[in-house]
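As structure tokens, the structure follows; a few thoughts come after it.
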Amino acid sequence: MRKETYLLTNFVAGELSPRMDGRFDLPQYASGCRTMENMIPNPHGGADRRPGTYFVAEAKTDDKKVRLIPFEQSTDIVYILEFGHEYMRVYKDHERLGAPYEIAPPYSETQLFELQFTQTEDTMYIVHPSTSPRK
């Protein structure tokens with residue numbers, strides 16, 4: 001059986017769920033893609049490369065992994081949260097805030113990439129299956 005390929009020029013639907021596979025009857029199917037890595041879809045079609053990151057500081061430890069999570073308080077105020085093994089640091093405008101101040105969340109290095117988070121206005125909710133939700 002021949003597999004059809006399509007030229008996509010419009011990504012306004014962004015990245016599609018695997019549940020959308022084969023749903024060519026839906027309009028989102030023609031305006032989305034399965035995987036969009038390091039790209040940002042434009043609201044008028046097409047996509048642009050994601051901007052890079054800016055080196056600000058070393059992680060607290062060299063031998064453990066860390067996870068960077070964005071926290072957007074408003075369109076003008078954006079923070080980066082550095083989660084490491086049982087610590088969190090906050091960065092804004094290319095510098096660490098409150099050095100040497102750190103917050104001590106209960107997440108180990110192995111739990112960092114299992115964290116789920118969502119944000120409403122200026123509050124972030126963080127959950128992990130083995131701990132209670134954090135605000």
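The values are calculated or read from the model by the stated rules, or taken from the named source; none is laboratory data. Every value quoted in this text rests on a predicted model; they were computed, and no experiment measured them. All Cβ positions, even for glycine, are placed from backbone atoms using ideal geometry, and neighbour counts span all protein chains on display. SASA here: full protein model, heavy atoms, side chains in, ligands and nucleic acids out. Shrake-Rupley method; radii C 1.70, N 1.55, O 1.52, S 1.80 Å.
Counting only protein heavy atoms and a 1.4 Å probe, tell me what percentage of segment 49-110's accessible area is made up of carbon and sulfur.
Numbers: 2310 of 4470 Å².
The computed percentage sits at 52.
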Handout entry: Vicinal HN-Hα couplings computed from phi for segment 81-90 (Karplus, 6.51 cos²θ - 1.76 cosθ + 1.60; Hz; Gly/Pro x)
Key = 9, 9, 9, x, 5, 6, 8, 9, 10, 10
Exercise for the section: Could you tell me the accessible area of residue 35 in Å² (1.4 Å probe, neighbours in place), rounded to the nearest ten? Expected result: 90
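Taking a 1.4 Å probe, which of 128, 85, 44, 94 shows the most accessible area, and what order do the others take after it?
On the way: 128 15, 85 70, 44 155, 94 120 Å².
My answer, sorted largest first, is 44, 94, 85, 128.
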Completion exercise
Using a 1.4 Å probe on heavy atoms of the protein chains only, the accessible area for residue 93 in Å², nearest 10, reads 110
Handout entry: Cubic angstrom per residue, convex hull over Cα atoms of segment 94-135
Key = 115
Practice task
Would you indicate which of (i) 30, 18, 12; (ii) 52, 12, 11; (iii) 35, 18, 15 is the value of semi-axes √(5λ) of the Cα gyration tensor in Å derived from the coordinates of this structure?
Solution key: (iii)
Problem - Cβ-Cβ FRET estimate between residue 86 and residue 121, R0 fixed at 25 Å, reported to 0.05 - result: 0.35
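Pairs of alpha-carbon atoms within less than 8 angstrom and 6+ residues apart define the contacts here; what relative contact order does segment 1-126 have, in percent?
Numbers: 179 pairs, mean separation 19.5, N = 126.
Across segment 1-126, relative contact order equals 15 percent.
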Exercise for the section: Figure the gain on full extension for residue 44 and residue 21 (residue separation times 0.36 nm, minus the Cα-Cα span) and round it to one decimal in nm. Expected result: 5.9 nm
